[in-house]
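Read the figures in this text as sums done on the coordinates, not as results from a lab. What you see is a predicted model, and the numbers here were worked out from it, not measured in a lab. Please note: Cβ atoms are built from the backbone with ideal geometry, for glycine as well, and neighbour counts cover all protein chains shown.
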Amino acid sequence: MIQAIRGTKDILPSEIENWYFLENIFRSVSDTFGYKELKTPIFEKTEVFSRGIGDGTDIVNKEMYTFDDRGGESLTLRPEATAALVRSVIQNKLANAGTAQKFWYFGPFFRYERPQKGRLRQFHQYGAECLATDKPESDVEVILLANSIIKKAGISDYKLLLNSLGNDSSRAEYRKALIEYLENKKEQLSEDSQSRLQINPLRVLDSKDKRDIDIVKDAPILSNYFDEESKNHFTIVTSMLDNLGVQYEISPKLVRGLDYYSHTVFEFQSSALGAQDSFGGGGRYNKLFSELGGKDTPAVGFAFGVERLLLILEELKLLPEAKTDCDIFIVAAGDGIQNYSFKIAQELRDSGLRVAVDLNDRSMKAQMRASNKSGAIFTILIGEDELNNNTVTIKNMGDSTQVNIAYNELSNFTFNIA
Ligand code: HAM
């Protein structure tokens, strides 16, 4: 038997309603915030991500699905959306200085990671990006958007972790101090952190390895290196969140795994998830546009992992009730009856009802059983009598009452489908 690729998942009919449930929330909440949908291709030139996300990151170094196409060009299945969206905004000239441009997206992404619960090689993200403003108010807006989605999905028990990476010059100062501190203890760090030390020392801060955690405890603190601009930006973000009653926790070691961030970074965590407890994250990225050849355009955004949101909903029993197969099941048996039953089914479908017919030419009894199983609210029975008299018998499956009406009256019949 040919199996699906490890770390990929079929989305089965029994699960699809859960996806629609979230997708409808993504669409409607984004709309209330005035964000517009933008869809980029599934693959891009590799440099979009290597330049955008950063050469020193795990995503670029270890996790990208990169291949040469038949023309010899290096292409990559998108591991995230932000760099691709920025490429598209530059190419399509969608950003105007001085006016915030707001976009959202939903779709599949690809990372070569070790599959486990909540970690896939093809996963889905919903995300939103607010472009062309460096104001802390826009950081707050995207956090509010993320919060509204989580709340609308019914999730109340979660944590918003917040930190600031400061501006580039503050971070450069801090980087020097951190490298100096870590170099002295290099031997005691994990192998991963030793190799990250010079390229991406901030990542050592959020390492999960016990050896690193011990050393990081006494490392210099990033916020102590902030200049006025860095301090002001973050103070406005936190005080606005306070005023709005948004709960958050300052997490001084939160640095995130992508290189493009500066100032505000944040992550959403849920205890309903296992080891992969982060179901979303984002932050400000002011240099990505220039990195990808565009005009300096400050921006901020975030993305949720949709499979992780679904895991939370499942764990907390918040998934919507499963939909029935149909509203009306037509039970029809007898010679030449199919034309009559198909005609009726089609007319009812055209009026917006969900109608199923038996396609296996089974007995009346077997069809009745199928109707029961389908969850239909009404069964329409068509036998020889109905065919000869041009009528149908409608059975209410709730109270088992039946009426026989003329075919002509069917369009006036009120099917009460809750
Ligand atoms: P990220 O933290 O790499 O950020 O991914 C966002 C979310 O995608 C994660 O919190 C997680 O829920 C989900 N995710 C990531 N990798 C996997 C995986 N292998 N399997 C399942 N779920 C996964 C970004 O991608 C940034 N582009 C977010 C952003 C937007 N920053 C600014 N704008």
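Screening GLU137, GLU113, GLU129 for residues that are away from the ligand (no atom under 12 Å from the Cβ) and in contact (Cβ under 8 Å) with a residue 40 or more places away in the chain leaves exactly one candidate, GLU137. Output the residue which, of all residues in the range 404-418 that are among the β-branched types (Val, Ile, Thr) and in a loop (DSSP other than H, G, I, E, B), is surrounded by the most Cβ atoms within 10 Å (Cβ to Cβ). Of everything passing the filter in the range 404-418, ILE417 is surrounded by the most Cβ atoms within 10 Å (Cβ to Cβ).
Does any residue of the range 10-29 turn out to be acidic (Asp, Glu) and touching a Pro at 6+ places or on another chain (Cβ under 7 Å)? Yes, some residue in the range 10-29 is acidic (Asp, Glu) and touching a Pro at 6+ places or on another chain (Cβ under 7 Å).
Of the residues that make up the range 165-172, is at least one on the phi > 0 side of the Ramachandran plot and touching a helix residue (DSSP H, G or I) at 6+ places or on another chain (Cβ under 7 Å)? Yes, there is a match, as at least one residue in the range 165-172 is on the phi > 0 side of the Ramachandran plot and touching a helix residue (DSSP H, G or I) at 6+ places or on another chain (Cβ under 7 Å). For ILE382, the conditions (1) surrounded by 14 or more Cβ atoms within 10 Å (Cβ to Cβ); (2) within 28 Å of GLU321 (Cβ to Cβ) all hold with the exception of (2). Only one entry in GLY71, GLY54 is exposed (fewer than 14 other Cβ atoms within 10 Å of the Cβ) and of a type outside the set (S, T, N, Q), namely GLY71. Return yes when PHE304 is aromatic (Phe, Trp, Tyr), over 30 Å from PHE106 (Cα atoms) and surrounded by 21 or more Cβ atoms within 10 Å (Cβ to Cβ) and no when it is not. Answer is no for this residue.
Candidates in the range 208-254 are the residues that are out of contact with any Asp or Glu (no Cβ under 7 Å at 6 or more places or on another chain) and of a type in the set (Phe, Trp, Tyr); of these, the one that is surrounded by the fewest Cβ atoms within 10 Å (Cβ to Cβ) is TYR248.
The single condition among (1) of a type outside the set (Asp, Glu); (2) surrounded by fewer than 19 Cβ atoms within 10 Å (Cβ to Cβ); (3) more than 27 Å from ALA272 (Cβ to Cβ); (4) touching a Gly at 6+ places or on another chain (Cβ under 8 Å) that GLN91 does not satisfy is (4).
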